[in-house]
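Novice: One structure is given below, represented as structure tokens, and several questions about it will come after.
The values are calculated or read from the model by the stated rules, or taken from the named source; none is laboratory data. Computed from a predicted structure; not experimentally measured. Backbone-built Cβ (ideal geometry, glycine too); neighbour counts: all protein chains shown. Calculation scope for accessible area: heavy atoms of the full protein, side chains included, ligands and nucleic acids excluded. Shrake-Rupley method; radii C 1.70, N 1.55, O 1.52, S 1.80 Å.
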Amino acid sequence: MKEPLISVLMPVYNAEKYIASSIKSVFNSYGKNYEFVIIDDGSQDGTKDIINQFNREKLKIRYFYKSNSGIADSLNFGLSMSNGQWIARLDSDDLCQPNRFRKQLELVQKSPKIGLVGSAALFIDSNDNNLYKYHYPESHKELVNNLLNSKAFFPHSSAFFNKQLVEYIGGYRVRLTGSEDWDLWLRISEHAEIK
């Protein structure tokens, strides 16, 4: 079986309120060459039952349930279970815009120097009404500057990164709960461009 280009990686924990909408948005965001890796970090609500209602084969869902250990550990486990060359992060309470993965893949394929891509973020309310949109710098230099100075940076849930590079630099650091993404982005920026 051909390895997918993209592994969509979603950690979940007690996500029954939004998980169905999030899964549907992934299905509408890319073509055929992907897998959808969902790591359930010990949910105690109806998350597993909702995921089981989806046709996992059709949606290319690979579901793993494990005991609760936190997001960074769950993401590292998910990385080890992922087969894609590129990891597209998504949180269980977020939605993908149509063509998100295709656009991010096209960008990294045009420039082999890129190791991490993010995007703007559109915030919505519980009724899916648009509230506001955040834009972030687009140059490597400005993004690194923002990371170093704790300024605005694109959401973890919009990240699209090179799996081999992240494995090479050691993945997420579990001890850095709450800043595991910023730490990883800084380490990526020492080896590749971020956009």
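Novice: Rounded to a whole number of µm²/s, how large is the Stokes-Einstein D of region 105-195 at 20 °C and 1.002 mPa s, given Rh as the Kirkwood radius over C-alpha pairs? Spell out each step's value before the answer.
Specialist: On the way: Rh = 14.0 Å.
Roughly 153 µm²/s, to the nearest whole number.
Novice: Same structure again: Distance check, please: which entries in K60/K103; K32/K66; K141/K163 exceed 24 angstrom between their Cα atoms?
Specialist: K32/K66
Novice: For region 78-95, in order, what is each residue's ³J(HN,Hα) by Karplus, 6.51 cos²θ - 1.76 cosθ + 1.60 with θ = phi - 60°, in whole Hz (x at glycine and Pro)?
Specialist: Once rounded to whole Hz, the list reads x, 4, 5, 8, 8, 10, x, 6, 10, 9, 10, 7, 8, 8, 6, 10, 10, 10.
Novice: Here's another thing I want to ask about it. So what is log10(I(q)/I(0)) for region 1-126 at q = 0.13 1/Å, when the Debye sum runs over its Cα atoms only?
Specialist: -0.51
Novice: Right, here's the next one. Report the extension gain between F123 and Q164 in nm, rounded to one decimal, defined as 0.36 nm multiplied by the number of residues separating them, less their alpha carbon distance. Show your work: numbers first, answer last.
Specialist: Numbers: separation 41, 0.36 × 41 = 14.76 nm, distance 3.11 nm.
Residue separation times 0.36 nm, minus the Cα-Cα distance, leaves 11.7 nm.
Novice: Most fluctuating residue of L184, L176, L75 in a GNM of the chain with Cα springs under 10 Å: which is it?
Specialist: L176
Novice: Let me ask another. Using only DSSP helix segments of four residues or longer, with each worth -39500 (n - 2.57), what per-residue ellipticity at 222 nm results for the chain after dividing by its residue count and rounding to 500?
Specialist: -9000 deg cm²/dmol
Novice: Okay, moving on. Could you check how much of the accessible area of the chain is carbon and sulfur, as a whole percent, using a 1.4 Å probe?
Specialist: Using a 1.4 Å probe with all protein chains present, the chain comes out at 48 percent carbon and sulfur.
Novice: How large is log10 I(q)/I(0) at q = 0.16, 0.17, 0.22, 0.25 Å⁻¹ when the Debye formula is applied to the Cα atoms of region 1-69, each weighted equally and without solvent?
Specialist: For region 1-69, the Cα-only Debye profile gives -0.52, -0.58, -0.93, -1.16.
Novice: GNM, the chain, Cα, under 10 Å: largest mean-square fluctuation among P112, P155, P11?
Specialist: So, out of P112, P155, P11, the one fluctuating most is P112.
Novice: What is the Cα radius of gyration of region 40-185 over 2.2 N^0.38 Å, N being its residue count?
Specialist: Expressed relative to 2.2 N^0.38 Å, the Cα Rg reads 1.10.
Novice: Same structure, new question: Calculate one ³J(HN,Hα) per residue across region 98-111 by plugging θ = phi - 60° into the Karplus curve 6.51 cos²θ - 1.76 cosθ + 1.60, and present them in order as whole Hz with x for glycine and proline.
Specialist: Once θ is set to phi - 60°, the couplings for region 98-111 become x, 6, 3, 5, 4, 5, 5, 5, 4, 5, 6, 6, 6, 9 Hz.
Novice: Ranking request for peptides 37-45, 186-194: highest mean number of other beta-carbon atoms within 10 Å first, then the rest in descending order. Don't skip to the end; give the middle numbers.
Specialist: On the way: 37-45: 20.0, 186-194: 17.4.
Averaged packing, sorted descending, gives the order 37-45, 186-194.
Novice: Could you list which residues have their amide H under 5 Å from that of S82, counting only those 5 or more apart in sequence or on another chain, with H placed in the peptide plane?
Specialist: none
Novice: Quick one: which of 120-128, 157-165 comes out on top by average Cβ neighbours within 10 Å, and what's the full order, highest first?
Specialist: Highest to lowest by the protection proxy: 157-165, 120-128.
Novice: Considering only protein heavy atoms, what per residue accessible area in square angstrom results for the chain with a 1.4 angstrom probe? Walk me through the intermediate numbers first.
Specialist: Numbers: 10450 Å² over 195 residues.
Heavy-atom SASA per residue in the chain reads 54 Å².
Novice: Considering amide H positions built from the backbone, and no H for Pro or chain starts, which residues 5 or more places from Y65, or on another chain, come under 5 Å of its amide H?
Specialist: Amide H neighbours of Y65, under 5 Å, 5+ apart: D40.
Novice: Let a ≥ b ≥ c be the square roots of the eigenvalues of the Cα gyration tensor of region 98-157; is it rounded (a/c under 1.5), or, if not, prolate (a/b larger than b/c) or oblate? Working shown, then result.
Specialist: Working: a/c = 3.14, a/b = 1.28, b/c = 2.46.
It is oblate, given that a/c is not under 1.5 and a/b is not larger than b/c.
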